[in-house]
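The values are calculated or read from the model by the stated rules, or taken from the named source; none is laboratory data. It should be emphasised that the depicted structure is a prediction, and the values quoted were computed from it without experimental measurement. Neighbour counts run over all protein chains shown; Cβ positions are idealised from the backbone, glycine included.
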There are 2 protein chains.
Amino acid sequence: MEVKSQIEEQAIAANKAARSLANVSTIVKNDALKAMAEALCLCKNYILEENKTDMESARQNGMSESMLDRLMLTEGRIEGMAEGLRQVAELADPVGEVVSGRQLANGLNLTKVRVPLGVIAIIYEARPNVTADAIGLCLKSGNAVILKGGSEAIRSNKAIAGVLTEAAENAGIPKAAVQFIDSVERAAVQELIRMDRYVDVVIPRGGAGLINMVVQNSSVPVIQTGVGVCHTFVDENADLVMARDIAFNAKVSRPAVCNAMETLLVHEKIAADFLPAMLKRYFDAGVKIFGCPQTKTFDTRVEPATEEDWAKEYGDLRLSVKIVKDIDEAIDHIAEYGTKHSEAIVTRSYESARKFQQNVDAAAVYVNASTRFTDGFEFGFGAEIGISTQKLHARGPMALPELTSVKYLINGTGQIRG
Amino acid sequence: MEVKSQIEEQAIAANKAARSLANVSTIVKNDALKAMAEALCLCKNYILEENKTDMESARQNGMSESMLDRLMLTEGRIEGMAEGLRQVAELADPVGEVVSGRQLANGLNLTKVRVPLGVIAIIYEARPNVTADAIGLCLKSGNAVILKGGSEAIRSNKAIAGVLTEAAENAGIPKAAVQFIDSVERAAVQELIRMDRYVDVVIPRGGAGLINMVVQNSSVPVIQTGVGVCHTFVDENADLVMARDIAFNAKVSRPAVCNAMETLLVHEKIAADFLPAMLKRYFDAGVKIFGCPQTKTFDTRVEPATEEDWAKEYGDLRLSVKIVKDIDEAIDHIAEYGTKHSEAIVTRSYESARKFQQNVDAAAVYVNASTRFTDGFEFGFGAEIGISTQKLHARGPMALPELTSVKYLINGTGQIRG
């Protein structure tokens, strides 16, 4: 009960602050972002100290090396966060943008303008840089933000949030516009996602388990992000050199991220030409392959894929490979096992390219390019709060405009409805 | 358990049909809509017969006259539904619209296009015309639709859905694109809103109780519609004749709809000039007034307003009236009790108009006009599936574009990420 009242108090405070924040000018917000960047650099040592304590506890608790790497802060990483805040200051402010408008027949002027969403709750796991990113993007788009990070990073997150909040307040951002939840109890998340009265949207950033828990239990509208079981389909008439480069890049360049490929689909007609060299290249790079029975015939190192493999986001150097009889089977496989994130075809056929892009239901559908490009910065948006894999509100990389809503302003001269 | 498997079967069928429907051309969809309109008119007598049975049961169950009026079909109403379908056929198809695009520095072409949401579930109460509206709008925007109407209208809805589905199928719309749930068990709704695996969005249309139940329990993303506790604020320097016309129209022209006013807020400096004639006009029209203590001093017929009155969507000829000391108190009152639907100020002050539109957080914020204009047809959208009172995805009147999502198409020449 105490957790609930604490969270409710913070949600109410954020909701109130959001009303003031919606009126803060772009100039004040930009100056605040720059001051926050400055403060991060000035308080580097304090933040590093706190991070060190988090790292020690995590090591004692047996955290894996890849997770430890995500948790760790360095001077360079803190400078990177500061640079990120400065970049957000340079981006156009979406608030107040006139989206469309017209004069109605009765003389009413109708104008659709962008407004902040209000209060955004971000629930995330072990990466402390999310704290700075989320605060920067939410404030720039005029939203109050409630942060609930993973308990492993609690000291790092609290230090970053504390430094940024103080700098923001000194620069004219309403006190309480940033709420940091420092309870590490699991109940805190459960309470937060039921605060539909005060919170306008919740964005979970993390693994499938976290996201599913939020989707199943939230009464606050959710934007699902980031789970990516992405495929590359090598069509029968693909340029095989291009296909190998793309398929290699999609898997190996950064396997831990959500736009990395998890399953390679190969047209059976080119499997014999394409696969042997491809598999060798993967094995040379340390990739572990789980394949369908046909795939296994091309390399004895291939292990059998189970039903579970097709649906798994490995997030590491594992890959599943399936030979399909045609593009339709590839599209059906993606419909069955994909997470609607990023999907690619490599082909020289106009017909196949068109069919794949028309029929694959995903945020990003590629022809002859690596799925690794699905990213707010790569797409030229200048920022990214996450990649939406749902269809409502935002789909694909979300930047500042995706953190806004709209309202209609209607200006009349006494019109009444007949 | 049987209800669950029945609903799941229908959801799976709709999901599958949605994939085909996304590929159906605008021409086929438009021809289908016209054929459906034709079929409705041809089967008028059958539908009227079924409606008669619903009406008889409803009367026996003691349904109120206003609800009976909503339930009742006539030849004219059926022709109205048919005309609605023909109008939807005339509207531009949102599917395939290129929203934006650019060429990235690395030569990738990025195109953002509109695509159907997929499967839309509509949960509604006693009005059978929603059945035809929803089917028409969902099919035109390329979405499969699952309909769950109120049990009072089950025979009418089933008849309408049956006639329309048959006509649609004959015209080339995939079988199963329209799913009508004929279970009248309450559990059917509970199961439907947990089908996040197959259903992309649920839109509840009805009273606050239905909407809140869906919001609290759905794992499918929800678009909230229609609950409107709308205010009109008469500023100190308003044109009082205009203010009375607007305030009268907003309450009396159609009190049962969601854009009707529920609370009139009056600046204390003009209360003595404005209220006596205003209250008389309301009483003459049969309006029942619940007022703050100050309001009561202007007319003895005013009854005291309770805390509950400020938050209530009367939906009939009741009105609450409050005298406020300034525009800030009006804005605060709206923030506290409003449902973010439609809010109006009547004023001659530029400063007040700007302040009100900037600070009131609602889908539609009016200056010098009646809140009754919040409507897809009035706004010139040509259609309306409901009025969103939430901030995610769609806000205000929702027409065809609001029933779509987007996807990014990325076309390359072998690009890989460095």
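Residue count for region B:276-319 under the criterion of being buried (at least 17 other Cβ atoms within 10 Å of the Cβ) and over 20 Å from B:I334 (Cα atoms): the result is 8.
Criterion applied to A:E65, A:E79 was being at pLDDT 95 or above and charged (D, E, K, R), and the one residue passing it is A:E79.
Would it be correct to say that B:V178 is aliphatic (A, V, I, L, M), farther than 27 Å from B:K312 by Cβ and crowded, with 23+ Cβ neighbours inside 10 Å? Considered against the rule, which asks whether it is aliphatic (A, V, I, L, M), farther than 27 Å from B:K312 by Cβ and crowded, with 23+ Cβ neighbours inside 10 Å, B:V178 comes out as yes. Out of A:G62, A:G76, A:G101, one residue alone is without any contact (Cβ under 8 Å) to a residue 12 or more places away in the chain and within 26 Å of A:V201 (Cβ to Cβ). It is A:G101. Of everything listed in (1) closer than 30 Å to A:L317 by Cα; (2) in contact with a Leu (Cβ under 7 Å, 6 or more places away or on another chain); (3) in a helix (DSSP H, G or I), the single unmet condition for A:V88 is (1). Taking the criterion of being surrounded by fewer than 24 Cβ atoms within 10 Å (Cβ to Cβ) and under 24 Å from A:L117 (Cβ atoms), the residues of region B:341-355 that qualify are B:R354, B:K355. If you go through region B:193-218 and keep only what is more than 20 Å from the chain's Cα centre (by Cα), more than 10 Å from chain A (Cβ to nearest Cβ) and not hydroxyl-bearing (S, T, Y), you end up with B:M195, B:R197. Among the residues of region A:345-356, are any within 26 Å of A:V202 (Cβ to Cβ) and of a type in the set (D, E, K, R)? No, because not a single residue in region A:345-356 is within 26 Å of A:V202 (Cβ to Cβ) and of a type in the set (D, E, K, R). Taken over region B:329-353, the criterion of being at the interface with another protein chain (Cβ under 10 Å from one of its Cβ atoms), more than 15 Å from A:K16 (Cα to Cα) and without any contact (Cβ under 8 Å) to a residue 24 or more places away in the chain is satisfied by B:A353 alone. May I ask you to verify whether B:V252 is of a type in the set (A, V, I, L, M, F, W, C), surrounded by fewer than 19 Cβ atoms within 10 Å (Cβ to Cβ) and at pLDDT below 95? Spelling it out, it is not the case that B:V252 is of a type in the set (A, V, I, L, M, F, W, C), surrounded by fewer than 19 Cβ atoms within 10 Å (Cβ to Cβ) and at pLDDT below 95.
Of the residues B:R70, B:R127, the single one that is of a type outside the set (S, T, Y) and touching a Gly at 6+ places or on another chain (Cβ under 9 Å) is B:R127.
When the test is whether a residue is on the phi < 0 side of the Ramachandran plot and more than 15 Å from the chain's Cα centre (by Cα), B:R348 passes it.
Any residue at all in region A:39-48 that's closer than 30 Å to A:M195 by Cα, assigned to a helix (DSSP H, G or I) and either out of contact with any Lys or Arg (no Cβ under 7 Å at 6 or more places or on another chain) or in contact (Cβ under 8 Å) with a residue 24 or more places away in the chain (or both)? No, that holds for no residue. Taking region B:236-257, which residues are more than 13 Å from chain A (Cβ to nearest Cβ) and either aliphatic (A, V, I, L, M) or under 19 Å from A:L108 (Cβ atoms) (or both)? Within region B:236-257, B:A256 is the sole residue that qualifies. Scanning region B:395-409 turns up one or more residues that are more than 7 Å from chain A (Cβ to nearest Cβ), within 19 Å of B:R114 (Cα to Cα) and in a loop (DSSP other than H, G, I, E, B). One residue stands out among those in region A:377-418 that are of a type in the set (S, T, N, Q) and out of contact with any His (no Cβ under 6 Å at 6 or more places or on another chain): the one that is surrounded by the fewest Cβ atoms within 10 Å (Cβ to Cβ), which is A:T413.
The residue list A:V234, A:V215, A:V266, A:V257 contains one member that is in the same structural domain as A:S349 (by TED's automatic domain parsing), surrounded by fewer than 23 Cβ atoms within 10 Å (Cβ to Cβ) and aliphatic (A, V, I, L, M), which is A:V257. Filtered by the rule that a residue be exposed (fewer than 15 other Cβ atoms within 10 Å of the Cβ) and of a type in the set (D, E), region B:77-96 gives B:E79, B:E83, B:E90. What about A:V360, is it assigned by TED's automatic domain parsing to the domain that holds A:K312 and in contact with a Ser or Thr (Cβ under 9 Å, 6 or more places away or on another chain)? No.
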